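Data block below; observations after.
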Amino acid sequence: MELRHLRYFVAVAETLHFTRAAEILGISQPPLSQQILRLEQEIGTPLLKRLTRGVELTEAGEAFLADARQIVQLADQALENARGIARGISGQLSLGFASSVAFNPRIFTLIRQFKERYPAMELLTREENMSLLMQDLQEGLLDAAFIRLPCESSKAFNLRVISTEKMLIALPRCHPLSGTPTRGTNPHWREKPW
């Protein structure tokens, strides 16, 4: 039994007419009738009663229709799933997060945008320390990871900076360095004391 025979039968059973089913399927009516006859011969029982104007389902045809619809639907879904995975719009994506970046607002925004763009993609996330994330990436257990640089083992991977953060130091007002600019900053910049 071929999948196309099931598709043919479902079309005839839903329209209750060979000519209309043939038009829907994009084939001529005589070959459609022949394929349905072959299907009935293979099953060993009539599925349709041929009438002067259209057809009726036999009891066996009604039972077969429910299963045939399910099989055709599953085959279509399997095809769509495979195509979606090949196009990268469905399937699973394993993401790792270093503990220090898990609450970065840019990451939340990226994940939300990804879910909106690829609703069929399942995101599998987990939080680990950076060395374990790098190891899991190397072993193929993760597809991508959000980490904080510098990370020595990250040199083996393609990296893309998605966010930079200004690092500040908090000092008591009375601390001797509270009014001193830090190295690498604008020497004229000074945060007002508390």
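Okay, here's what the table says:
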read-out: Residue count, segment 47-93 (criterion: touching a Lys or Arg at 6+ places or on another chain (Cβ under 9 Å), open to solvent by less than 40 Å² (accessible area, probe 1.4 Å) and under 24 Å from Gln29 (Cα atoms)); value: 7
read-out: Some residue of segment 141-150 being touching a residue at least 12 places away in the same chain (Cβ under 8 Å), more than 30 Å from Thr15 (Cα to Cα) and of a type in the set (Gly, Ala, Ser); value: yes
read-out: Residue ID - nearest to Glu14 (Cα to Cα), chosen from residues in segment 81-123 that are in contact with a Leu (Cβ under 8 Å, 6 or more places away or on another chain) and either without any contact (Cβ under 8 Å) to a residue 12 or more places away in the chain or part of a helix (DSSP H, G or I) (or both); value: Lys115
read-out: Where a residue in segment 21-33 is free of Cβ contacts under 8 Å to residues at least 12 places away in the same chain and in the same structural domain as Leu48 (by the TED database) and its partner, wherever it lies, is part of a loop (DSSP other than H, G, I, E, B) and open to solvent by less than 70 Å² (accessible area, probe 1.4 Å), with Cβ under 7 Å and at least six apart; value: Ala22/Ser28
read-out: Close pairs (8 angstrom Cβ cut-off, 6 or more residues apart or separate chains): within 19 Å of Ile36 (Cβ to Cβ) in segment 68-80, open to solvent by less than 100 Å² (accessible area, probe 1.4 Å) and aromatic (Phe, Trp, Tyr) anywhere; value: Ala68/Phe9
read-out: Helices (runs of 4 or more DSSP H) lying entirely in segment 1-64 (those with 1 or more residues that are under 19 Å from Asp76 (Cα atoms) and within 34 Å of the chain's Cα centre (by Cα)); value: 3-15, 18-25
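The values are calculated or read from the model by the stated rules, or taken from the named source; none is laboratory data. Bear in mind that the values here come from a model prediction, so they are computed numbers and not experimental data. Because the Cβ atoms are built from the backbone with ideal geometry, glycine has one as well, and the counts that use them run over all protein chains shown. Ligands, DNA and RNA are stripped out before the accessible areas are found, and what is left, the full protein with its side chains, is counted by its heavy atoms. Shrake-Rupley method; radii C 1.70, N 1.55, O 1.52, S 1.80 Å.
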